[in-house]
1. In Å, what is the Rg of the alpha-carbon atoms in segment 92-141, and how long is Dmax?
2. Determine the dipole magnitude for segment 49-111: charges of +1 sit on the beta-carbon of Lys and Arg, -1 on that of Asp and Glu, nothing else is charged, the reference point is the Cα centre, and the result goes in debye to the nearest 20.
3. Order of 77-86, 172-181 by packing, highest average Cβ count within 10 Å first?
4. Multiply the residue gap between Val77 and Val161 by 0.36 nm, knock off their C-alpha separation, and tell me the result in nm, one decimal place.
5. Once the piece of chain linking Thr154 and Asn89 is laid out straight, how much longer is it, given 0.36 nm per residue of separation minus the C-alpha distance between them?
Amino acid sequence: MADENSVYLRVINKNIDYPQQANIMVTPYVSTHPLISDQLRLPPHGGKTRKRKANCYNWKQSKRKRLRQSGKEYINVRGKVIQPRSIKNKKDCKNCCKFKCFEKISEDERKILFNGLWGMSQIEKQHFFSKTTERLDKKRSRTNKVSNSRRKYTYFYNFFVDNIKHRVCKEFYLSTLDISSRQISYYHENKLATGIPAPTKWGKHCKKKCS
Ligand SMILES: [Zn+2]
């Protein structure tokens, strides 16, 4: 007796227009060589392959990306050494800032904020920006001078220390995290309408065709 797996159905060409009264015969075919039929069902080499899987973790490009995203020193594509990120101090904020940032947030707290951000994944950074920055439409002004201004938005920057929100100036925010204002504007330009950070586009771009 042949087992169930060795039974094949031989289907006669479906595209032929048979007369209505004719019954299409589907003949069960019992293999007399169950071993051969089993081999045919398996992929080549029994599913095993000698091809090595790409280990993209060790790619130069991936290493560079990891170092860059964690704020560490790395060598860019042009071979230039990019210095690691570090907390900066802006004189303007330290001397005469209306928000008194340096009085509200200590050096130790700045270090915690800095290390916190650079230890985050890209999506976590986006969530951090969504919580600590705000972009509002610029208020209309009656003076022509301001209405001609190209700036459309006003940004607000905050830090949370012990769950207390402290408004800080732009210089203090950017220099504490050692990031550029472009990163914040990029986040706000690309966030979804709900304010949720947009999913990362890494590795999702289509290949550009050369014509
Ligand atoms: Zn300040």
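Quick note: the coordinates plus some simple rules give every number you see, no bench work behind them. Source: prediction; values computed, not measured. Quick reminder, even Gly has a Cβ in these numbers, built from the backbone with ideal geometry, and neighbours come from all protein chains shown.
1. Considering segment 92-141 through its Cα atoms, Rg and Dmax are 14.4, 41 Å.
2. Values: 23 positive and 6 negative charges, 150 e Å.
For segment 49-111, the charge dipole is close to 720 debye.
3. Working: 77-86: 9.6, 172-181: 19.9.
Going from most to least packed, we get 172-181, 77-86.
4. Working: separation 84, 0.36 × 84 = 30.24 nm, distance 3.77 nm.
So the extension gain works out to 26.5 nm.
5. Values: separation 65, 0.36 × 65 = 23.40 nm, distance 2.28 nm.
Extending this stretch completely gives an extra 21.1 nm.
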